[in-house]
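Student: First the structure, which I've put down as structure tokens, then a few questions once you've had a look.
The values are calculated or read from the model by the stated rules, or taken from the named source; none is laboratory data. Predicted, not measured: the structure shown is a model, and the values here were computed from it. Here the Cβ is made from the backbone with ideal geometry for all residues, glycine too, and neighbour counts use every protein chain on show.
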Amino acid sequence: MKAFFPKGQQIDETRLNDVTKLLGENVGHRDLLIENLHVLQDEYGYLSRDTLAALACAMKLSQVEVFETATFYAHFNVEEKAKTSPAKACSGIACQMARPHPLGPNIKTVPCVGACDKAPINDTSAATPALQNYPDLAQYQAAGGYDILKKLQARDISKDHILSELEKSKLSGMGGAGFPVARKWRFLLSSEGERALVVNADEGEPGTFKDRYCLETNPHQVLEGMLIAAEVIDAKDIYIYLRDEYPHIRNILLTELNSLRAGGLNKGRSLHLRRGAGAYICGEETALLESIEGKRGLPRIKPPYPAQSGIFGRPTLVNNVETLWRVQEILKKGAQNFIEAGYPRFYSVSGRINKPGVVEAPSGITIRQLMETYCAGMQSGHTFKAYLPGGASGGLLPAHLDNVPLAFGELEKYGCFIGSAAVVVLSDHDDMKSVVRNLMDFFNHESCGQCTPCRLGCEKISKILEHGKLDIPLLQELSAVMQSASICGLGQAAPNPLLGYLTHFAEELK
């Protein structure tokens with residue numbers, strides 16, 4: 001391929017030819033920029049200036065556009081160094097709590113890797129297990145899997161029946177917002193244009209690992225829910241956006257998506273698997289859409305909402321992994337069964353308990369019931385002191401509020417929310433200021449920087465928490481501005497653990 005030598009970094013023709021050969025037909029698709037960056041980093045171990053310049057030339061993009069995308073995502077290494085790098089440790093709150101001693105100054109840390117039940121993760125490669133046994137397509141179908149989908153495709157059951165069952169079940173989105181699922185699907189039915197479905201498998205909330213559990217143990221339950229949703233809204237394209245920390249799940253999905261295509265279960269609907277690249281902000285649905293399009297994950301201003309103008313400007317349904325898991329379950333067993341079971345959901349439980357892990361329990365269970373019934377109580381020598389009911393952004397509550405239902409509409413009374421149901425249990429061994437500082441450092445690191453309240457607010461709060469004496473009026477003022485003026489949920493929710501600390505642990509501020 002002949003280089004055209006644009007202004008800026010000049011093109012190395014040998015590298016250009018290598019890049020073009022590596023990427024093959026993907027080199028001509030603008031939306032595959034992030035995928036192509038992954039391929040090149042997998043090949044070379046890092047993204048050199050020559051490689052980025054060659055990629056820009058091959059894809060007919062500006063070098064600035066390629067460079068700013070590569071540097072936006074934490075998992076792309078644009079420094080020229082050897083393929084081998086020192087082990088990285090997880091800096092998530094569960095791992096910080098579980099370490100007997102602080103990490104040394106030369107240890108590189110990364111944000112929560114979604115393995116909080118195995119904390120502490122001092123080598124992130126250990127957080128990626130080998131492929132384990134799970135029911136493949138044949139085994140899943142032998143147990144009645146895809147029967148609902150086939151009946152829907154054959155019109156033996158109607159779309160209205162599906163939507164009525166979901167409405168009866170009162171299923172809400174399990175990714176954080178808790179919006180009624182059937183109502184969200186109906187929005188798409190009234191939208192004009194070619195529709196698309198996006199599966200949000202980018203669970204980046206510190207303390208959350210339930211979607212990982214779903215995809216590791218029974219991926220086809222999620223995939224059947226996905227195909228049912230696509231059939232109901234008539235989505236021509238389905239995109240699964242998977243967080244990059246789960247490479248073993250990517251291998252599972254690559255295998256099973258090929259099985260679906262081979263078996264014709266997708267009925268001609270295009271199935272796309274996209275890798276995230278280490279950006280918490282892409283858990284926000286519009287930032288996720290930008291990332292699938294091969295861009296920086298900057299949240300969009302709403303309206304328009306994804307149901308009106310989503311991926312590539314098309315009406316788009318965005319659902320979370322557990323939401324689609326529950327769709328299949330409800331349609332198979334019936335809405336009444338789901339109701340009688342107490343509207344069950346998965347809780348990711350970690351921290352100072354004897355049995356961390358994913359717990360399936362009725363919605364509205366209390367933290368006390370969760371710990372005693374499912375998690376074998378507190379660790380020996382630890383006294384229950386506080387908890388995060390919904391991960392880093394869900395706020396902070398003291399132990400004496402242990403009877404608050406962990407459900408939508410309940411925690412909000414205390415300035416908290418259930419979100420993705422990431423429950424982190426804290427004890428008298430944990431310094432609350434250190435906990436809050438860890439969480440605010442995470443938000444400061446993950447802010448996309450698009451809006452001033454979040455960008456500067458997270459940074460300022462993190463710096464204030466470094467000092468011994470806190471300027472409480474300033475912290476409260478910063479929090480109020482972030483909550484009211486930030487573009488998306490990251491900036492709006494980031495102050496929640498800080499405000500919980502200021503409200504419930506005032507004695508520690510003296």
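Student: Consider TYR343 carefully, then state whether it is over 30 Å from SER164 (Cβ atoms) and not basic (Lys, Arg).
Tutor: Judged against the criteria, TYR343 is not a match.
Student: Failed condition for LEU188, given (1) closer than 27 Å to GLY92 by Cα; (2) crowded, with 21+ Cβ neighbours inside 10 Å, with all others met?
Tutor: Condition (1) is where LEU188 drops out.
Student: Select from the range 191-211 the residues that are at pLDDT below 95 and surrounded by fewer than 23 Cβ atoms within 10 Å (Cβ to Cβ) and list them in ascending order.
Tutor: Within the range 191-211, SER191, GLU192, GLY193 meet the criteria.
Student: On to the next question. Check LEU490 against each of (1) more than 25 Å from the chain's Cα centre (by Cα); (2) crowded, with 22+ Cβ neighbours inside 10 Å; (3) of a type outside the set (S, T, N, Q) and name the one condition it does not meet.
Tutor: Going through (1) more than 25 Å from the chain's Cα centre (by Cα); (2) crowded, with 22+ Cβ neighbours inside 10 Å; (3) of a type outside the set (S, T, N, Q) one by one, LEU490 breaks only (1).
Student: For VAL321, are the conditions met, namely being under 18 Å from ARG183 (Cα atoms) and touching a Cys at 6+ places or on another chain (Cβ under 7 Å)?
Tutor: On the way: under 18 Å from ARG183 (Cα atoms): yes; touching a Cys at 6+ places or on another chain (Cβ under 7 Å): yes.
For VAL321, the condition - under 18 Å from ARG183 (Cα atoms) and touching a Cys at 6+ places or on another chain (Cβ under 7 Å) - is met.
Student: Those residues that are outside any strand (DSSP E or B) and either touching a Leu at 6+ places or on another chain (Cβ under 6 Å) or in contact (Cβ under 8 Å) with a residue 60 or more places away in the chain (or both), I need them from the range 256-276; list them, please.
Tutor: GLU256, LEU257, SER259, LEU260, GLY263, LEU265, ASN266, LYS267, GLY276
Student: Residues in the range 472-487 that are out of contact with any Pro (no Cβ under 7 Å at 6 or more places or on another chain) and surrounded by fewer than 19 Cβ atoms within 10 Å (Cβ to Cβ): how many?
Tutor: 7
Student: Oh, and also: Could you figure out which of (1) of a type outside the set (Val, Ile, Thr); (2) in contact with a Ser or Thr (Cβ under 8 Å, 6 or more places away or on another chain); (3) in a helix (DSSP H, G or I); (4) farther than 29 Å from PRO405 by Cα isn't true of ARG300?
Tutor: ARG300 satisfies all of (1) of a type outside the set (Val, Ile, Thr); (2) in contact with a Ser or Thr (Cβ under 8 Å, 6 or more places away or on another chain); (3) in a helix (DSSP H, G or I); (4) farther than 29 Å from PRO405 by Cα except (3).
Student: Further, regarding this structure: Just checking, does the range 358-374 include any residue being without any contact (Cβ under 8 Å) to a residue 12 or more places away in the chain, closer than 24 Å to ALA98 by Cα and not aromatic (Phe, Trp, Tyr)?
Tutor: yes
Student: Can you find, within the range 182-241, the residue that is nearest to VAL435 (Cα to Cα) among those that are among the small types (Gly, Ala, Ser) and part of a strand (DSSP E or B)?
Tutor: ALA201
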